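J.: I have a structure I would like to understand better, so I am pasting it below and will then ask my questions one at a time.
The values are calculated or read from the model by the stated rules, or taken from the named source; none is laboratory data. All values reported here derive from a predicted model rather than from experimental measurement. Here the Cβ is made from the backbone with ideal geometry for all residues, glycine too, and neighbour counts use every protein chain on show. We work out accessible area using only protein heavy atoms, side chains counted, and drop any ligands, DNA or RNA first. Shrake-Rupley method; radii C 1.70, N 1.55, O 1.52, S 1.80 Å.
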Amino acid sequence: MSKPRLYSGMQPSADSLQIGNYIGALMQWRDLQESYEAFFSVVDLHALTQPSNPADLRAKTRRTAAQYIAAGIEPSRSTLYVQSHVRAHAELAWILSTITGFGEASRMTQFKDKSARYGADATSVGLFTYPVLMAADILLYQTDIVPVGDDQKQHVELTRDLAERFNSRYGEAFTVPMPVIQKDTARIYDLQNPAAKMSKSAESDAGVLWLLDDPAVSAKKVMRAVTDSDGTVRYDRENKPGVSNLLVIYAALTGRQMPAIEDEYAGRGYGDFKKGLADVVVEEFGPVRARALELLDDPAELDRVLAANAERADEVADATLADVYDKIGLLRRL
Ligand code: AMP
Ligand code: TRP
């Protein structure tokens, strides 16, 4: 029996991932790759919708791939590749754009938010068709499940609609994928501003734990995290957002239950608790960082791994694309 297929990806939009990406995405990907035939991409074509310079984009693409591997995505088991290495993505995106309604695409909230923020003149057509490219990513691989954050759910719903539309107009070409939304408990907030999601684009660096930070720097950031004046280590998202966030990180990284951690630190101060968490963070990320840096030290080898994986992706993607071209009536080249 073949395993069901899984697809996910992240944009290479920073030099380092932050621990929200690690806990909210990579840890789950790592676990899921056991029971699924998984495809993970570094979506560099999507990243072109944000301004960047060429050398930076190239570096961030390698760095993101290296962090996937360092976090436990195994390129010999899962197909881990760079989106632009597989030509079929851009080609299928064009086909899908011809069956996507203008109104339908205009209703995507991420597009509405971003275009409202940047203004029409600074908003590219690429930003508008971003979800269509994402649909192409997913549909090329006959994907069954797509693990993503809540903010991407609408894009996966669009992907389902496009798959169903194509299948009913032209014949079954696509598996209709299901979104798998990450658990609420996997959401990590900014250490300095626990009302905001931890993000690569945070205002202050002090609130973000970077995967590639020096462990001593991460430990310091934990020690300086915002808490409250109540003094008890207890999960209460509403009234104690700072402490609750630290507890979530602690539980996620150790696999321990929240009450057990609360018990361990009962009657002890935040200083002790933070020291404990700092140790956990250093222990978890020390080896991940070391492995990522080692991979980045040998870019030629990393590029070879990515190329071999792109070849595997090509095979699946080309078969889907050929079927789509045929079904939609493009004349086959001899
Ligand atoms: P992004 O960096 O926003 O493109 O997100 C890439 C992946 O990491 C997505 O699956 C997000 O849902 C996840 N992610 C990003 N930030 C966080 C966070 N603060 N907490 C949990 N998951 C996150
Ligand atoms: N748009 C996704 C994000 O910003 C990244 C992405 C691109 C993706 N293609 C995908 C995620 C396909 C899942 C499946 O997080």
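J.: Starting from the range 1-20, keep only residues that are without any contact (Cβ under 8 Å) to a residue 12 or more places away in the chain and acidic (Asp, Glu), then list their pairs with residues that are open to solvent by less than 10 Å² (accessible area, probe 1.4 Å) and within 15 Å of ligand 2 (Cβ to nearest atom) whose Cβ atoms are within a distance under 7 Å, requiring at least 6 positions of separation or different chains.
T.: Between residues of the range 1-20 that are without any contact (Cβ under 8 Å) to a residue 12 or more places away in the chain and acidic (Asp, Glu) and residues that are open to solvent by less than 10 Å² (accessible area, probe 1.4 Å) and within 15 Å of ligand 2 (Cβ to nearest atom), there is no close pair.
J.: Among the residues in the range 128-146, are any closer than 30 Å to residue 225 by Cβ and touching a residue at least 12 places away in the same chain (Cβ under 8 Å)?
T.: No, there is no match, as no residue in the range 128-146 is closer than 30 Å to residue 225 by Cβ and touching a residue at least 12 places away in the same chain (Cβ under 8 Å).
J.: Oh, and also: Do you know which residues across the range 135-162 are touching a strand residue (DSSP E or B) at 6+ places or on another chain (Cβ under 8 Å) and either among the hydrophobic types (A, V, I, L, M, F, W, C) or on the phi > 0 side of the Ramachandran plot (or both)?
T.: Across the range 135-162, the qualifying residues are 138, 142, 145, 146, 148, 156.
J.: Specify the residue that is modelled with the highest pLDDT; the eligible residues are those in the range 19-46 that are within 18 Å of residue 296 (Cβ to Cβ) and open to solvent by 10 Å² or more (accessible area, probe 1.4 Å).
T.: 44
J.: Go through the range 219-334 and tell me which helices (runs of 4 or more DSSP H), entirely inside it, have 1 or more residues that are of a type in the set (Val, Ile, Thr) and open to solvent by 50 Å² or more (accessible area, probe 1.4 Å).
T.: In the range 219-334, 241-254, 270-296 are the helices (runs of 4 or more DSSP H) which contain 1 or more residues that are of a type in the set (Val, Ile, Thr) and open to solvent by 50 Å² or more (accessible area, probe 1.4 Å).
J.: Would you call residue 176 of a type in the set (A, V, I, L, M), more than 16 Å from ligand 1 (Cβ to nearest atom) and open to solvent by 30 Å² or more (accessible area, probe 1.4 Å)?
T.: Against the criterion (of a type in the set (A, V, I, L, M), more than 16 Å from ligand 1 (Cβ to nearest atom) and open to solvent by 30 Å² or more (accessible area, probe 1.4 Å)), residue 176 qualifies.
J.: Any idea which of (1) in contact (Cβ under 8 Å) with a residue 60 or more places away in the chain; (2) surrounded by fewer than 16 Cβ atoms within 10 Å (Cβ to Cβ) is the one residue 198 doesn't satisfy?
T.: (2)
J.: From the list 89, 85, which residue is open to solvent by less than 60 Å² (accessible area, probe 1.4 Å) and either touching a residue at least 12 places away in the same chain (Cβ under 8 Å) or more than 12 Å from ligand 2 (Cβ to nearest atom) (or both)?
T.: Just a single option satisfies the conditions, and that option is 89.
J.: Please indicate, with yes or no, whether at least one residue in the range 55-70 is under 16 Å from residue 148 (Cα atoms) and away from ligand 1 (no atom under 14 Å from the Cβ).
T.: No, the range 55-70 contains no residue that is under 16 Å from residue 148 (Cα atoms) and away from ligand 1 (no atom under 14 Å from the Cβ).
J.: For residues that are touching a Lys or Arg at 6+ places or on another chain (Cβ under 9 Å) and open to solvent by 20 Å² or more (accessible area, probe 1.4 Å), tally how many sit in the range 50-69.
T.: Here the count works out to 2.
J.: Right, here's the next one. How many residues are assigned to a strand (DSSP E or B), under 30 Å from residue 15 (Cα atoms) and within 16 Å of ligand 2 (Cβ to nearest atom) if we restrict to the range 157-208?
T.: 4
J.: I'd like to check something: does the range 133-155 contain any residue that is assigned to a helix (DSSP H, G or I), away from ligand 1 (no atom under 16 Å from the Cβ) and under 17 Å from the mean Cα position of the chain (by Cα)?
T.: yes
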